[in-house]
Structure formats: C-alpha cells, structure tokens
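**Student:** Below you'll find the structure I mean.
The values are calculated or read from the model by the stated rules, or taken from the named source; none is laboratory data. Computed from a prediction, not measured in an experiment: that's the story for all the values here. Ideal geometry is used to build each Cβ from the backbone, glycine not excepted, and the neighbour counts take in all protein chains shown. These accessible areas exclude ligands, DNA and RNA; they are computed on the full protein's heavy atoms, side chains included. Shrake-Rupley method; radii C 1.70, N 1.55, O 1.52, S 1.80 Å.
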Amino acid sequence: MRRFTWGKNVRNYPSVSIVIPAYDAQYTIARCLRSIKSLDYPQDKLEVVIVDNGSTDDTAQIVKDLGFTVESLPEGNVGAVRNYGAKIAKGEVIAHTDSDCILPRLWLANAVYFLYSNSRIGAVGGGCAVLDDATLLEKAWVSVQKEKIRDVKYLPACNFILRKSLFDLLGGFNDKITAGEDDDLSVRISEAGLKMVSIKDCYVFHLGYPKTYYEIFKRQVWHGKSALDLSGTTATMLWATLIFCGGLLSCLLLAYFQVHSLPYWAGAIGLVFLMPFLMTLKKMRNSPISVQQFLLLVTIFISFFTGRLFGLIIALKIRWFQKIVKQ
C-alpha cells in the first residue's frame, strides 16, 4: 500500500485523537505508547487521550513517565470510558484502540487515507495480529485477512477509526452494556446507511488475547452477560449460543434418563459440535489453516460457547432478580 499523503503540506492532514481506555495495564501500556510515538503521521496533528478506569497498579505513573497525560474515570464500563475520552478529544478523527495493542507504523496513515477516500465510509479498521512469541491458542485464533479491502458488518473497538462528527451524531458507544459496545456502534453506523471497511494493512498487534482455555472461558462469560442487550449482527451469536446450549441439554437429558440409543447420542453430540465447527469454517474463509489449527479452533470455540452460555445464564438471573425486586 502506498504511503498516505495529501501533498507536501501537512496542514492538509486531518487532526486525529487516539483514544485509549486503560485498566491495570502496567505490563502493556508502555509498548502501546511507544508505538504511537513511531507512527508515520504528523505528530502536531496527533493527540493521545488516555483514560484510566481506576487502575490499582502503576498504569498512570507509566503513562506520565512516558510524557503523556492521563485522564481519570474510576467508575463506569469500557463504553463509558471510551465515550469520556472521545468527549475530551479535539481531533477531527477519533481512532479507538486499547492499552494492550501495538500500532504498526502505517496503521493510522492507512486508516485515515481510506476513511477520506469515500464519503459513504463511516468507519475503518482492520484485524488483530499476534507477535511471534504468542501461544498456540493465540495463533490459532487469529486469522489473516486475505483481501486488501473488504466491507464488514462490524469492527473491533481496539481498531475502530471514524470521524468525530459521526461518533457524536450517533451518541458514541452504548455505555449501558458491559461488552459488545463496538458491535452496537457498528450496527448503528450501518443503519445510518454508511459502510464499514476492514483494511488488511490496518492491523494492530493485540497483546491481550486469552492464552489458555480458562482465559477464553472467562472472557466469553464477560461478553455473554451483555448478549441480551445487543441486537443486529450479535443476535446471530446469541442464537448460536442457544443451539450449543440445546446440544448440552440433550446430552444431559440422555445421560439422566440412561438412554443408550446411538442415533440419539450422535444427534446430541453433533449439536454440541455444530456451532464450534461452523465458526471454525467461517474463520477458514479468511485464511487457510492447518489441520492442527482446525482442531484447536474447534476446541477453542467449545470453550468460547461454554463461556457465552454461562454469561447468558448470569444475565438472565440478574434480569429475573431485578424483576422480583420491582414487584
């Protein structure tokens, strides 16, 4: 991809605010901020807004030691933290990322170039890559985008770049949900008649991927708690979780009633593996994977959907309790 340019006069470049929420990020925030200093973009057109969400470690001090200013919002979920940073931001463009991401040199230049290449583009971003020392689970999870540019239904919050005017017009991220705020905003951008574009050369290195099955499970419990509050593209994931749940329940019922019929058990077990298998095939569309990666992905998605199911159960219990209290 050619280097971003609007002529030799840097005054033509739009000002950009990089908004970063941070919570107990002492092990990653320094690498993130150093990568920002190396971005191939006019530094006088660049603003960095870091919002500390009540960290109990040395995150804030590390940010200050590196010469950056840190804002503070001790209370509120990640959507509220991102919105707080965006409200402070003065840039024409807001580039959302996370404190556990390393930004390649041309990340921002590529993003801004495509954002301004078409007035129908509402937001741009890209995928997430992992470093060479990542675990097998991390490497299996990450798929490399084949197309240089492709339209997508949603973008991840760690790689979400859009005009501040559009962000403000749509009301920013939903700060009432604990997770999935990026999916929710993506849906509203699409409903506004605008496109979202994923750019192959606009990736970030993500340091925060779960490294074990248990970490995958915990992460998806967190996401699952917001499943009932989301709509649009995320409704598909809710139905997938319910199908997975149906498979587990079928196995439990067959075991409880001591059913020994092979066809019944084959159907129940097949239902358990159906969504992990289909989600693995979906990932294969983006990039070719080995047999080992395929098998790893199936097991990863089993942990994934188990976590989503537990999160959904917690969300239902909370709603039931709130309904009882109101009565």
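**Student:** Counting other C-beta atoms within 10 Å, and keeping those with at most 15, which DSSP coil GluC sites (Glu not before Pro) do you find in the range 126-193?
**Tutor:** GLU147
**Student:** What size of dipole, in debye to the nearest 20, comes out for the chain about its Cα centre when the only charges are +1 on Lys and Arg C-beta atoms and -1 on Asp and Glu C-beta atoms?
**Tutor:** Here the chain has a charge dipole of around 860 debye.
**Student:** Three principal axis extents, largest first, for the C-alpha atoms of the range 246-292, in Å?
**Tutor:** Dimensions of the range 246-292 along the principal axes of its Cα atoms: 43, 17, 15 Å.
**Student:** Another one. To the nearest 10 square angstrom, what accessible area does LEU46 show with a 1.4 Å probe?
**Tutor:** Counting only protein heavy atoms, LEU46 exposes about 30 Å² to solvent.
**Student:** Working out 0.36 nm times the residue gap between VAL130 and LYS317, then minus their Cα-Cα distance, what length gain in nm do you get to one decimal?
**Tutor:** Fully extending the segment from VAL130 to LYS317 adds 63.7 nm.
**Student:** Same structure again: Taking a ≥ b ≥ c as the square roots of the eigenvalues of the Cα gyration tensor of the range 223-324, is the shape rounded (a/c under 1.5), prolate (a/b larger than b/c) or oblate?
**Tutor:** oblate
**Student:** Pop the C-beta distance of TYR213 and LEU274 into the FRET formula with R0 = 22 Å and round what comes out to the nearest 0.05.
**Tutor:** Rounded to the nearest 0.05, the efficiency is 0.65.
**Student:** Follow-up. Report the relative contact order of the range 223-313, percent, no decimals, based on alpha-carbon pairs under 8 angstrom and at least 6 residues apart.
**Tutor:** Across the range 223-313, relative contact order equals 44 percent.
**Student:** With runs of 4+ DSSP H residues as the only contributors, calculate the mean residue ellipticity of the chain at 222 nm using -39,500 (n - 2.57) per run, divided by the residue total and rounded to the nearest 500.
**Tutor:** It comes out at -15000 deg cm²/dmol, rounded to the nearest 500.
**Student:** Might you report the magnitude of the Cβ-based charge dipole of the range 122-191 about its Cα centre, with Lys and Arg at +1 and Asp and Glu at -1, to the nearest 20 debye?
**Tutor:** 280
**Student:** Counting pairs of Cα atoms in the chain, how many percent are more than 28 Å apart? Display every interim value, and only then the final one.
**Tutor:** Details: 24029 of 53301 pairs.
Beyond 28 Å sits 45 percent of the P(r) for the chain.
**Student:** Let me ask something else. Sort largest first and round to whole Å: the equivalent ellipsoid semi-axes of the range 47-191, each the square root of five times a Cα gyration tensor eigenvalue. Please report the intermediate quantities before stating the final value.
**Tutor:** Details: eigenvalues 111, 89, 50 Å².
Equivalent ellipsoid of the range 47-191: 24, 21, 16 Å, largest first.
**Student:** Something else now. So how long is each side of the range 162-225 along the principal axes, counting just the alpha-carbon atoms, biggest first, in Å?
**Tutor:** The Cα atoms of the range 162-225 stretch 39, 32, 17 Å along their principal axes.
**Student:** Normalised by the residues of the chain, what does the relative contact order come to in percent, with Cα pairs under 8 Å and at least six apart?
**Tutor:** In percent, rounded to a whole number, it is 18.
**Student:** Viscosity 1.306 mPa s, temperature 10 °C: Stokes-Einstein D of the range 1-122 from its Kirkwood Cα radius, in µm² per second?
**Tutor:** Value of D from the Cα-based Kirkwood radius: 106 µm²/s.
**Student:** Also, quick follow-up: Given +1 on the Cβ of Lys and Arg, -1 on the Cβ of Asp and Glu, and no further charges, what dipole in debye does the range 70-215 carry about its Cα centre, rounded to the nearest 20? The partial results should precede the final answer.
**Tutor:** Details: 17 positive and 19 negative charges, 123 e Å.
The dipole magnitude comes to about 580 debye.
**Student:** Okay, moving on. Among MET275, GLN26, ILE36, whose Cα projects farthest towards the positive end of the dipole of the chain, with charges put on the beta-carbon of Lys, Arg (+1) and Asp, Glu (-1)?
**Tutor:** Toward the positive end, the furthest listed residue is MET275.
**Student:** Where a ≥ b ≥ c are the square roots of the eigenvalues of the C-alpha gyration tensor, would you call the range 49-101 rounded, which needs a/c under 1.5, or, failing that, prolate if a/b is larger than b/c, or oblate?
**Tutor:** Details: a/c = 1.81, a/b = 1.25, b/c = 1.45.
In terms of gyration-tensor shape, oblate.
**Student:** For the range 134-249, what's the relative contact order in percent, using C-alpha pairs closer than 8 Å and at least 6 residues apart?
**Tutor:** Numbers: 96 pairs, mean separation 38.8, N = 116.
It rounds to 33 percent for the range 134-249.
**Student:** Please say if the range 139-189 is rounded, prolate or oblate, where rounded means a/c under 1.5 for a ≥ b ≥ c the square roots of the C-alpha gyration tensor eigenvalues, and otherwise the choice is prolate for a/b larger than b/c and oblate otherwise?
**Tutor:** Oblate, because a/c is 1.5 or more while a/b does not exceed b/c.
**Student:** Could you please report the charge total around ILE102, scoring K, R as +1 and D, E as -1 over all other residues with beta-carbon less than 10 angstrom from its beta-carbon?
**Tutor:** Surrounding charge for ILE102 is +1.
**Student:** Could you give me the percent of Cα pairs per 5 Å distance bin for the range 86-147, shortest bin first, beginning at zero and ending with the bin that holds the maximum distance?
**Tutor:** Final binned percentages: 3, 13, 20, 22, 19, 10, 8, 4, 0.
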